[in-house]
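Structure first, commentary second.
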C-alpha cells in the first residue's frame with residue numbers, strides 16, 4: 001500500500017485556543033511530580049463553588065421523566081419563555097427570537113456563521129476571549145481587532161473602533177463583563193457603540209455570560225436595553241453565573257427592528273435545525289435557574305471579592321507588574337514589564353514554578369505590551385502561594401534574560 005498523508009483543511013491553520021494550549025505544557029510538567037497551581041481555566045466547579053440545588057433537581061427530574069430525546073431546535077418552550085422573561089427584566093423588551101444552544105459558545109458560532117462571508121470582518125475586542133478569533137479563522141474572516149484601553153479601566157477605545165470600520169465590517173463584538181480583563185463597560189461607552197452600529201449597519205454581538213458576577217455593588221446594563229432599533233444578539237448561559245459549565249447550556253436573544261432581522265433569523269434557524277438540538281434534560285434547569293433562589297451568588301461573590309482584592313494587591317506589589325482592578329467575572333489581566341514574549345515567560349513559569357497562567361498574547365493585546373491572565377477562583381491559600389511563586393520567578397527570570405531578546 002502506498003504511503004499517503006491526510007491533509008487537514010486550510011481553515012484550521014490559524015485556529016488556536018490559548019486557555020487550553022498551555023495545559024499541554026502543564027501536563028508534561030505534572031508528570032514529574034511537581035506541585036501544580038492552576039490559575040488558567042475559569043471553571044468554578046474545580047474549586048469551592050456549587051450550583052444551586054434546585055437546578056440540579058430540575059434536571060434530574062427531567063431525566064427520570066425520560067425527557068432524554070431531542071428537543072425542539074431552538075429549545076423547549078419552558079426555557080425560551082424563562083429566557084424572554086429574564087431579557088425583559090434586563091430591559092430588553094423588543095425580543096424577536098430566542099435560541100438555546102450547547103453552551104454560549106455554540107450560540108456565538110452559529111450567529112457568526114449565519115452572518116459573515118469569507119473575506120468579511122467583525123470588530124473583535126483585543127484583549128478578548130479566544131473563541132472569537134478561532135471561529136473567525138474557521139470562517140476565513142479577515143481579522144479586525146479593536147483595542148481596549150488599559151489606562152481607562154479596559155474600556156473599549158471608541159476612536160480605535162471608528163478607525164477600524166470598513167465596507168466589509170458586519171458586526172461588533174462586546175464581551176461585558178470582559179474576559180480576560182474583568183472590565184465592566186460604562187453606559188456612556190455602550191451608547192457610543194450603539195451610535196456606530198446604527199450609522200454603519202452593524203450587528204452587535206453582546207456576550208454577557210458574566211452579567212451577574214459583579215463586585216462592589218456594580219450594576220450591569222445590557223446594551224440591547226438601551227435602543228429598540230439596533231440589531232443585537234445577547235449571549236447568556238448557565239455556565240458561569242450558575243456554576244455549571246459542564247451542562248453546556250447557553251442561549252442567544254435576538255432584538256432590534258424585526259424587518260431588518262427577518263432574513264438573518266431565517267438563516268440562523270436553518271443552522272439550528274441542521275444541528276438538531278441542545279442538551280435536552282439540562283434545558284429544564286434554565287427556568288429553575290433564572291426564576292429560582294439566587295443565594296448562591298451572594299456566597300460566591302463574597303469569596304470572589306476577597307480573592308479579587310488579594311489578586312490585585314499581591315500582583316501590584318511585584319515590581320514590574322501592574323494590575324487593573326476587575327469589576328466583574330473572575331479574571332485579571334496584569335501587565336508585565338518584559339523584553340521577552342509573554343508566552344515564553346508563562347511557559348517557563350509553568351516549568352519552573354508549576355504556576356499555570358495564560359499568556360496575554362493568547363487573548364490579543366496592544367502591540368508592544370505583555371500580559372498574562374489569571375483566574376482567581378482558587379482559595380486564598382492557593383492564590384497566596386501562586387502569587388509568591390510568581391514574584392520569586394519574575395525576579396529570577398528578568399535577571400536571567402536581561403538584554404536577551406527572544407522575539408521572533
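The values are calculated or read from the model by the stated rules, or taken from the named source; none is laboratory data. Keep in mind the model is a prediction, meaning the values are calculated, not measured. Cβ: placed from backbone, ideal geometry, glycine included. Neighbour counts: every protein chain shown.
Just need a number here: residues in segment 142-163 that are surrounded by fewer than 17 Cβ atoms within 10 Å (Cβ to Cβ) and either more than 14 Å from residue 132 (Cβ to Cβ) or outside the structural domain of residue 125 (by TED's automatic domain parsing) (or both).
Filtering segment 142-163 down to residues surrounded by fewer than 17 Cβ atoms within 10 Å (Cβ to Cβ) leaves 142-143, 149, 151-152, 158-160, 162-163.
Next, from what is left, pick out any that are either more than 14 Å from residue 132 (Cβ to Cβ) or outside the structural domain of residue 125 (by TED's automatic domain parsing) (or both): 149, 151-152, 158-160, 162-163.
Going through segment 142-163 one residue at a time, the tally reaches 8.
Output yes when any residue across segment 109-121 is more than 30 Å from residue 160 (Cα to Cα) and touching a residue at least 60 places away in the same chain (Cβ under 8 Å), and no when none is. Spell out how you get there, then give the answer.
Initial filter on segment 109-121 (more than 30 Å from residue 160 (Cα to Cα)): none.
No, the conditions are met nowhere in segment 109-121.
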Give 286, 254 a once-over and let me know the one that is under 22 Å from residue 176 (Cα atoms), in contact with a helix residue (DSSP H, G or I) (Cβ under 7 Å, 6 or more places away or on another chain) and part of a helix (DSSP H, G or I).
-> 286
For segment 90-200, please list each of the helices (runs of 4 or more DSSP H) lying entirely inside it that holds at least 3 residues being over 18 Å from the mean Cα position of the chain (by Cα), at pLDDT 95 or above and over 29 Å from residue 276 (Cβ atoms).
-> 158-164, 187-200
Of the conditions (1) within 23 Å of the chain's Cα centre (by Cα); (2) under 24 Å from residue 178 (Cβ atoms), residue 337 fails just one. Which one is it?
-> (1)
Set 308, 257: member being outside the structural domain of residue 68 (by TED's automatic domain parsing) and either surrounded by 20 or more Cβ atoms within 10 Å (Cβ to Cβ) or over 26 Å from residue 42 (Cβ atoms) (or both) = 308
Select from segment 313-345 the residues that are part of a strand (DSSP E or B), farther than 16 Å from residue 216 by Cα and touching a residue at least 24 places away in the same chain (Cβ under 8 Å) and list them in ascending order.
-> 321, 335, 336
Checked segment 11-57 for anything assigned to a helix (DSSP H, G or I) and more than 30 Å from residue 249 (Cα to Cα); matches are 28, 29, 30
Which of the residues that make up segment 331-361 are out of contact with any strand residue (DSSP E or B) (no Cβ under 6 Å at 6 or more places or on another chain) and more than 25 Å from residue 379 (Cα to Cα)?
-> 337, 338, 339, 340, 341, 344, 361
Collect the residues in segment 93-111 that are surrounded by fewer than 23 Cβ atoms within 10 Å (Cβ to Cβ) and more than 14 Å from residue 238 (Cα to Cα), keeping them in residue-number order.
-> 93, 94, 95, 96, 97, 98, 109
Would you mind telling me which numbered condition in (1) touching a helix residue (DSSP H, G or I) at 6+ places or on another chain (Cβ under 9 Å); (2) part of a helix (DSSP H, G or I); (3) not assigned by TED's automatic domain parsing to the domain that holds residue 88 residue 302 fails?
-> (1)
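If a residue must be assigned to a loop (DSSP other than H, G, I, E, B) and within 16 Å of residue 82 (Cβ to Cβ), how many such residues does segment 211-244 contain? Working first, answer last.
So in segment 211-244, the residues assigned to a loop (DSSP other than H, G, I, E, B) come out as 211-213, 215-222, 227-231, 238-244.
Among the residues that remain, those that are also within 16 Å of residue 82 (Cβ to Cβ) are: 211-212, 238, 241-242, 244.
Selection size over segment 211-244: 6.
If you go through segment 79-89 one residue at a time, how many are touching a helix residue (DSSP H, G or I) at 6+ places or on another chain (Cβ under 6 Å) and more than 24 Å from residue 270 (Cβ to Cβ)?
The number of residues fulfilling the criteria is 2.
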Within segment 168-222, can you find the residues that are surrounded by fewer than 17 Cβ atoms within 10 Å (Cβ to Cβ) and either touching a residue at least 60 places away in the same chain (Cβ under 8 Å) or not assigned by TED's automatic domain parsing to the domain that holds residue 241 (or both)?
-> 216, 218
